[in-house]
Amino acid sequence: MNCHRNFPWYREWYDTFTNRGLTIIGVHTPETSAEQDLKNLRQNAVEARLKFPILTDNHKKNWNAWGNSMWPSVYLIDKQGYIRYWWYGELNWNGAGGQKIMAQRIQELLAEES
């Protein structure tokens with residue numbers, strides 16, 4: 001459920017930056033067998049007002065390929081396809097301000113030449 005605490009910022013980034021070239025892709029890696037149910041995932045995404053595509057990683061292939069170790073993990077990939085920034089865990093855990101830091105990084109990457 002930690003991922004849910006990041007949803008407000010995902011929605012904000014989507015609304016603020018997609019018209020400037022940002023693409024958001026969610027990757028749902030279930031912790032439990034109940035979380036593998038696609039119907040529930042779709043319903044939860046609608047209820048959370050998430051407008052971006054969400055890939056389901058029921059077998060943890062993406063999770064393992066990226067070397068993830070915690071939920072959620074946020075990666076920023078530049079226009080050339082390189083991972084430039086990442087944030088592990090809730091963006092604002094204990095007032096960390098990760099949502100602001102990552103928003104600044106998004107703006108920085110969007111401003112770069114293609």
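The values are calculated or read from the model by the stated rules, or taken from the named source; none is laboratory data. As the structure is a prediction and not an experimental result, all values here were calculated from the model. Because the Cβ atoms are built from the backbone with ideal geometry, glycine has one as well, and the counts that use them run over all protein chains shown. Surface accessibility is based on the protein's heavy atoms, side chains included, excluding ligands, DNA and RNA. Shrake-Rupley method; radii C 1.70, N 1.55, O 1.52, S 1.80 Å.
Being under 16 Å from the mean Cα position of the chain (by Cα) and free of Cβ contacts under 8 Å to residues at least 40 places away in the same chain is the filter here, so list the residues in region 9-41 that pass it.
Those that are under 16 Å from the mean Cα position of the chain (by Cα) and free of Cβ contacts under 8 Å to residues at least 40 places away in the same chain: Tyr14, Asp15, Thr18, Thr23, Ile24, Ile25, Gly26, Val27, His28, Pro30, Leu41.
Restricting region 1-38 to residues that are open to solvent by 60 Å² or more (accessible area, probe 1.4 Å) and not in a helix (DSSP H, G or I), which is farthest from Asn58 (Cα to Cα)?
Result: Thr23.
Here's the yes/no breakdown for (1) part of a helix (DSSP H, G or I); (2) free of Cβ contacts under 8 Å to residues at least 40 places away in the same chain; (3) of a type outside the set (S, T, N, Q):
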| residue | (1), (2), (3) |
| --- | --- |
| Trp63 | yes, yes, yes |
| Ile101 | yes, yes, yes |
| Gln107 | yes, no, no |
| Ser114 | no, yes, no |
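Taking region 65-114 only, how many residues are in contact with an Asp or Glu (Cβ under 9 Å, 6 or more places away or on another chain), more than 16 Å from Ile24 (Cα to Cα) and open to solvent by 30 Å² or more (accessible area, probe 1.4 Å)?
The number of residues fulfilling the criteria is 3.
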